[in-house]
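Below is one structure, written out as structure tokens, with a few remarks after it.
The values are calculated or read from the model by the stated rules, or taken from the named source; none is laboratory data. Note that the coordinates shown come from a computational prediction; the quantities given were computed from them, not determined experimentally. As a convention, Cβ positions derive from the backbone with ideal geometry for all residues, glycine included, and neighbour counts pool all protein chains shown.
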């Protein structure tokens, strides 16, 4: 095949594979519409839409505040604990929202551990509760915000670090105080990066099932499942899912086009790192609290509760089943991480190598899998695998339905956005003049990719593998339906116990999810430490 | 890495057909079931392969796999799930004399597509400190709509299938109109917005947040066994369980059940597996571990729940009605404002 | 005394314990003075500007602007309250703002914005760039914009830190000419830091040599 054609066709080929299961779901829109639609319209659809809307708005606002303020605090100031906070602020990423939701109810229900402790300490009556009920939309906003803010923190921090000192100093000279520099200059400047991170947060919020189900909030996702499971109407459920998909799709493309119209290359050649101001006294305390509170709520608190639970059942969980599901989880996430990073690298390279508006528009669609509820994706995937088995592989005596191929493919579709966002932003930092000089020196195509881009993108590639891994470890609904016989992951074990309302037994696999999720996070934090500006 | 490669090679191309096995799709997730499967393999030499997941999701997988499906058995909780598979015509009839002899007709599919393996009752829990024994004696589901229970009842969300089956059974017995009036009044009597699981309803009653909870019978067994922790044991000791509608049609029951799939590659093994589950010894083992009630006569419930009564009058409504009427039940609950 | 705009006494500063970057500097600048500090790179001249701007804190000595003490080893009036302009060698333009928006950035009163900005655009001959973004214009043009931006808030005086060193020679000559003209039109004082004697002589009327943190 002609080399140019390969790079030009690659994004389209991947797009076909990625969107096939989604198109199967979307095809429901062209089917019949059952009488359940009038029931939905009349009684519940408004609730579904409005609570999803409130959830997304609330989470967006809180995540933006948490993510950017913490990032600004650790990049601009020096205070006690700053070196630890810099990496510890991403720890909540290892806690899936559903696990935080489980522990929140364990803590803050009327007779939860936190309320019991408070009553004991304050010597109060049984009827009084200090902490408010969390099983509502506000509780859900907090759960999502405190587990997902690291997405915004990560991008904000690296963007803040890359802002040149002289630019910020110029703003000071022009009459802005430190606070104004933050919200008038630094914040607008990192808008594209932050919106990218925020999109991930919104998509994850919209596609979540575990946490909202646990809190009994009627969102669009729970509505889809209720229609499917309760009304036995998978057709209408798929149609609802398609609407969710289309909404996110429109949102996503709109974000993409505003981003591309506002591109400005940052100028790294004369980069001089920012020197942080040292804080003392109440200012240092404030900075400390700004960073500590998100880590406490999003990480320390749930870990304490899980350990309390696990402690009650001793070590009986540590058996063969537990070990095998840990190994399954780890290897699946590693394989998916490498595939995603490889794909993201190839596709971003092909876009850069043979730029065209159409390819760009299409490849941005590749990330939409992130917004698809796992179970819906899985349903489309099963259908796809069956077609493939029947049409392509029937003569070969091979069945890929119910194999790891399907599961890994679903993971790849679901987490590609994470890999892509990291590699794409890495590419944005490589000046295109470098490509030109490389071409002039006779290096193009594969050799440019391997000898110029890969070394330059090392950090981005590693980040993308790790981000994908931390997400795959937590994935539940698609795993439940697509996994092969006798194949359990930690998320599956946790879910099985939690759905049987056996939180104590669920604690051990939940802790293991967090621990495995921590491995990529530790790598990430190591990179964060080394990406600190030199003085 | 080596381990990883092996793992990949083994499972890359799906299911490699082995000779002596039975493949089970199950939405029951009890650890004690694993031990049962091992026991079955030890006894018969037949390997048991498991895929577990939500009932509806597994059904979707079954449908998609079609004739290629490797599944032999579909094993699930809630009769509604069985009915959905039956409706898709994915089951074959169970022929085993042994099974048909021991399982009552209302606990089987209309053409013996599936059979109950164990049953549970949806019962009322109350706190004797707050509820007068006189008030609660002879109570029925219908009584819960009475104004005397205003702000005193807790129950979980209407998304839960146990509630959907309960309402479906009421539709079967009372008709849709009366059931909707009942549901609307019940929602008015709730002490709080439906939230949490069955166990949190029982705990709410134990702690005096509400007087009455509707929940499944086996949860009290798990709580009393102490395996769920000290707090739940204490809470369970504070509450009493009562079987509703003993003076008329009987208490609503639901089942765990299983059937052999039409495209089963190993139908003989599947049959053996069902017979195994319905043997006396296994039934006793199951109810002792899961705190359900046995299908076989003469198998006593576990000691934890035996104190609430070893037998009770059961609603004889055929459990397959739950499946048929489930969508009506969900729409009815939506209309009544049951969140 | 009152015509002194900047007054520095016994100023000392160090980045580490071992070496002083600024050693006992005394300097007075009058309200219409145009002074340059001439020295090799690393001699501490940029640090001196940063100290005056309030971006660094002195170890000893004091700095007065318009007779008000702005820096000593205890207190520091923050840079945004000193009303000083600073143009640096690096491209410090805000990349997300247009040329016009960059220039308006430091103007406090909204109603003056258009007037002041168009005056400066005119003065620095960059009218045609008004709606362009920093990455769309050349290095020389960027420095003109940076200068216009610093002048827009009407600073007490203007400091320039090697403003032309990244530009090629031909471009410098025209810039010198245009900018000297701007300076003569303006009434504010100028403090230029450079290593280029020619530049210092064209742009300013008083030159001070600096080496290893000291005036010589």
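Some notes on this structure:
- The residues listed here are A:209, A:182, A:215; of these, the one that is surrounded by fewer than 22 Cβ atoms within 10 Å (Cβ to Cβ) and either over 29 Å from residue A:421 (Cβ atoms) or away from chain C (no Cβ under 14 Å) (or both) is A:209.
- Any chance residue A:84 is free of Cβ contacts under 8 Å to residues at least 40 places away in the same chain, under 27 Å from the mean Cα position of the chain (by Cα) and in a helix (DSSP H, G or I): yes
Let's see how each residue does on (1) in contact with a helix residue (DSSP H, G or I) (Cβ under 8 Å, 6 or more places away or on another chain); (2) in the same structural domain as residue B:111 (by TED's automatic domain parsing); (3) surrounded by 23 or more Cβ atoms within 10 Å (Cβ to Cβ):
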residue	(1), (2), (3)
B:202	yes, no, yes
B:207	yes, no, no
B:236	yes, no, yes
B:241	yes, no, no
B:262	no, yes, no
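- For the stretch C:196-209, a residue qualifies if it is closer than 24 Å to residue C:7 by Cα and under 15 Å from the mean Cα position of the chain (by Cα), and the qualifying residues are C:200, C:203, C:204.
- Residues located in the stretch A:451-502, provided they are farther than 28 Å from residue A:384 by Cβ and within 8 Å of another protein chain (Cβ to nearest Cβ): A:497, A:500, A:501, A:502
- Residue check for residue B:221: within 14 Å of another protein chain (Cβ to nearest Cβ), assigned to a loop (DSSP other than H, G, I, E, B) and either under 23 Å from the mean Cα position of the chain (by Cα) or at positive phi (or both): no
- When B:213, B:183, B:191 are checked against the criterion of being over 25 Å from residue A:309 (Cβ atoms), within 14 Å of another protein chain (Cβ to nearest Cβ) and modelled with pLDDT of 95 or more, B:183 stands alone in meeting it.
- Complete set of residues in the stretch C:180-195 that are within 19 Å of residue C:121 (Cβ to Cβ) and under 13 Å from the mean Cα position of the chain (by Cα): C:183, C:188
- Options A:64, A:91, A:45: the member that is in contact (Cβ under 8 Å) with a residue 60 or more places away in the chain, surrounded by fewer than 23 Cβ atoms within 10 Å (Cβ to Cβ) and over 25 Å from the mean Cα position of the chain (by Cα): A:45
- Hits in the stretch B:30-41 (condition: surrounded by fewer than 19 Cβ atoms within 10 Å (Cβ to Cβ), out of contact with any helix residue (DSSP H, G or I) (no Cβ under 7 Å at 6 or more places or on another chain) and more than 10 Å from chain A (Cβ to nearest Cβ)): B:35, B:38, B:39, B:41
- Considering residues of the stretch B:57-71 that are in a helix (DSSP H, G or I) and farther than 25 Å from residue A:224 by Cβ only, the residue farthest from the other protein chains (Cβ to nearest Cβ): B:67
- Taken together, the residues in the stretch B:224-239 that are modelled with pLDDT of 90 or more and either at the interface with chain A (Cβ under 10 Å from one of its Cβ atoms) or within 21 Å of the chain's Cα centre (by Cα) (or both) amount to 2.
- Single residue of the stretch A:378-401 satisfying the filter (in a loop (DSSP other than H, G, I, E, B) and at pLDDT 70 or above) that is surrounded by the fewest Cβ atoms within 10 Å (Cβ to Cβ): A:392
- Which listed residue, of A:161, A:99, A:137, is more than 14 Å from chain C (Cβ to nearest Cβ) and within 17 Å of the chain's Cα centre (by Cα): A:99
- Consider the stretch B:42-56 and keep the residues that are within 12 Å of chain A (Cβ to nearest Cβ) and under 18 Å from residue B:266 (Cα atoms). The one that is surrounded by the fewest Cβ atoms within 10 Å (Cβ to Cβ) is B:47.
- Checklist (1) within 19 Å of residue C:146 (Cα to Cα); (2) in contact with a helix residue (DSSP H, G or I) (Cβ under 6 Å, 6 or more places away or on another chain) applied to residue C:106, failing item: (2)
- Exactly one residue among B:277, B:300 is touching a strand residue (DSSP E or B) at 6+ places or on another chain (Cβ under 7 Å) and outside the structural domain of residue B:162 (by TED's automatic domain parsing), and that residue is B:277.
- In summary, residue B:310 fulfils each of the numbered conditions (1) surrounded by fewer than 22 Cβ atoms within 10 Å (Cβ to Cβ); (2) within 17 Å of residue B:109 (Cα to Cα); (3) not assigned by TED's automatic domain parsing to the domain that holds residue B:32 with the single exception of condition (2).
- Condition met for residue A:360 (within 14 Å of chain B (Cβ to nearest Cβ), more than 21 Å from the chain's Cα centre (by Cα) and assigned to a helix (DSSP H, G or I)): no
- The strands (runs of 3 or more DSSP E) located wholly in the stretch C:23-140 that include 1 or more residues which are more than 14 Å from chain A (Cβ to nearest Cβ), in contact (Cβ under 8 Å) with a residue 40 or more places away in the chain and surrounded by fewer than 19 Cβ atoms within 10 Å (Cβ to Cβ) occupy C:60-65.
- Of the residues in the stretch C:169-177, not one is within 12 Å of the chain's Cα centre (by Cα), buried (at least 20 other Cβ atoms within 10 Å of the Cβ) and not in a loop (DSSP other than H, G, I, E, B).
- Checked against (1) away from every other protein chain (no Cβ under 14 Å); (2) surrounded by fewer than 23 Cβ atoms within 10 Å (Cβ to Cβ); (3) in contact with a helix residue (DSSP H, G or I) (Cβ under 9 Å, 6 or more places away or on another chain); (4) at pLDDT 90 or above, residue B:127 passes all but condition (1).
- Only one of the numbered conditions (1) within 24 Å of residue B:248 (Cβ to Cβ); (2) within 11 Å of chain A (Cβ to nearest Cβ) is not met by residue B:157, and that is (1).
- Filter pass, residue B:320 being within 21 Å of residue B:28 (Cα to Cα) and modelled with pLDDT under 90: yes
- Any hit, the stretch B:280-297, residues being over 18 Å from residue B:107 (Cβ atoms) and in contact with a helix residue (DSSP H, G or I) (Cβ under 6 Å, 6 or more places away or on another chain): yes
- Condition check for residue B:201: at pLDDT below 90 and within 11 Å of another protein chain (Cβ to nearest Cβ): no
- Inside the stretch A:479-520, residues that are modelled with pLDDT under 85, under 19 Å from the mean Cα position of the chain (by Cα) and either outside any helix (DSSP H, G or I) or crowded, with 24+ Cβ neighbours inside 10 Å (or both) make up a count of 2.
- Those residues of the stretch C:184-216 which are modelled with pLDDT under 80 and part of a helix (DSSP H, G or I), in sequence order: C:184, C:185
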